[in-house]
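I'd like to ask you about the structure that follows.
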Amino acid sequence: MNSLVRVTPAARYEQLIRDAVGARPMRVAVVHPCSVEALQAALEARDEGLLEPVLVGPEAKIRSIADQADLSLQGLPIEAVEHSHAAAARAVELAVAGQVGALMKGSLHTDELLGAVVASGSGLRTERRISHVYAMAIPAYPKPLIITDAAINITPTLAQKRDICQNAIDLLHVMGVPRPHVAVLAAVETVNPAMPSTLDAAALTVMATRHQITGGLVDGPLAFDNAISLEAASIKGIVSPVAGSADILLVPDLEAGNMLAKQLIYLSQADAAGLVLGARVPIILTSRADSLRVRLASTALARLVAARGGVQALGKEAA
């Protein structure tokens, strides 16, 4: 166990990237890459052999930014559109037509990109609710940890939490975890009618036993300490097959997930690769504050989802 704890986030992400590199790089629509950071992210992933970027946005603006930053766009296809909204729509068209295997957010707002993805008749929408995951590499935790949802679903309903949970389980299957342990988080470990998060957690646990959620072991409500520390659970007398071994932390709402992820990033030196699941293609979400390692890991995750049949698995409930 101690040897595992000493594995650094960098080492874990390097392994993830190595797993993703191999076959021909995946073509990815980079949506509205109208900032130096967005262009660099696409070029860095290309240089690592992870993707073949297709730049979608205003061509003159993209070339001007590349010239100012001394970035070469030689050989890169550009789908010229007038503005960010048109870029999102065109990127969706490319994915539906099978010309790209994933989307990558550029310098447009996340809502604008995802709005085009989930629009009625977009061709990328499925019956599964889309959700965001952070794939965390935490120095003090012996394995990757998924936190969901910290970016899209603000106050998810029980039905939406079911989809969020299933999306995360399916992702870990792609990453080679056969039966992920899902801890449904709340502030306490007992069901309290005054705390809706505990009711949802209990319901999700039962839904998993009734095969409404498949492929993982789900238990809750669990507080954060019990989810990641068997010692804490033992002291409290909590008997749970998930306690101390969580692969997935399913949070009550976006605020909780966002705060938890950022606390781990900034106080525990964790890395967090971001991906959107539940559409017919994976969607890469990166931040301007992300390191090169994190940007590459986000791309590698998308590559694994597409290359190992994860697109079909994550969209198997498509209408």
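All of the numbers you see were taken from the coordinates with simple rules; none came from a lab. Not measured: the values here are computed from a predicted model. Ideal geometry is used to build each Cβ from the backbone, glycine not excepted, and the neighbour counts take in all protein chains shown.
Show the residues, 5+ positions off or on another chain, whose built amide H is closer than 5 Å to the amide H of VAL54.
The list, which skips near neighbours in sequence, is VAL28, ALA29, VAL30.
Report, in debye and to the nearest 20, how large the dipole of the chain comes out about its Cα centre when Lys and Arg carry +1 and Asp and Glu carry -1 on their Cβ. Write down the numbers at each step before the final one.
On the way: 27 positive and 30 negative charges, 124 e Å.
Dipole of the chain, to the nearest 20 debye: 600 debye.
Identify which of GLY98, GLY257, GLY278 has the largest mean-square fluctuation in a Gaussian network model of the chain, with springs joining Cα atoms closer than 10 Å.
Checking each option, the largest mean-square fluctuation is seen for GLY98.
Add +1 for every Lys or Arg and -1 for every Asp or Glu among the other residues with Cβ under 14 Å from the Cβ of GLY121, and state the total. Mind showing how you got there, number by number?
Working: positive: ARG125, ARG280; negative: GLU93.
Once all neighbours under 14 Å are counted, the net charge is +1.
Could you pull out the longest piece of the chain with no exposed loop trypsin sites (Lys or Arg not before Pro) in it, calling a site exposed if DSSP puts it outside H, G, I, E, B and it has at most 14 other Cβ atoms within 10 Å? Intermediate results must be reported in sequence, preceding the final value.
Values: sites that count: ARG6, ARG210, LYS236, ARG288, LYS316.
By the stated rule (loop sites, at most 14 other Cβ atoms within 10 Å), 7-209.
Residue by residue through the stretch 69-78, which ³J(HN,Hα) values in whole Hz follow from phi under the Karplus form 6.51 cos²θ - 1.76 cosθ + 1.60 (θ = phi - 60°), with glycine and proline marked x?
Each residue's phi maps through the Karplus curve to give 9, 6, 10, 8, 9, 4, x, 8, x, 10 Hz.
Let me ask something else about it. With a sphere of radius 10 Å drawn around the Cβ of PRO156, what net charge do the other residues whose Cβ falls strictly inside it have (Lys, Arg +1; Asp, Glu -1)?
Charge balance near PRO156 sits at -1.
Starting from the Cα of GLU112, step 7 Å along the direction of its Cβ; do the same at GLN99; then give the gap between the two resulting points in nm.
Computed distance between label sites GLU112 and GLN99 equals 2.0 nm.
Under the definition of Cα pairs under 8 Å and six or more residues apart, what whole-number percent is the relative contact order of the stretch 189-253?
Here the relative contact order equals 26 percent.
Sorted from fewest to most neighbouring beta carbons within 10 Å, what does the list CYS34, CYS165 look like?
By the 10 Å Cβ count, ascending, the order reads CYS34, CYS165.
While we're here: Please give me the summed charge of the neighbours of SER287: other residues whose Cβ is under 14 Å from its Cβ, Lys and Arg +1, Asp and Glu -1.
Within the 14 Å Cβ shell, the charges total +2.
Kindly put THR205, THR148 in sequence by how many other C-beta atoms sit within 10 Å of each C-beta, fewest to most.
Neighbour counts put them in this order, fewest first: THR205, THR148.
Right, here's the next one. Counting only DSSP beta bridges with both residues in the chain, what percent are antiparallel, rounded to the nearest 5? Each step should come with its number before you reach the end.
Details: 12 of 37 bridges.
Expressed as a percentage, antiparallel bridges in the chain total about 30.
As a footprinting exposure proxy, order GLU93, GLU127, GLU14 by other Cβ within 10 Å, with the fewest listed first.
GLU127, GLU14, GLU93
Please report how far the C-alpha centroid of the stretch 63-109 lies from that of the stretch 135-167, rounded to the nearest whole angstrom.
28 Å
Please compute the contact order of the chain in relative form: average sequence separation of alpha-carbon pairs under 8 Å and at least six residues apart, divided by the residue count, as a percent.
That works out to 22 percent.
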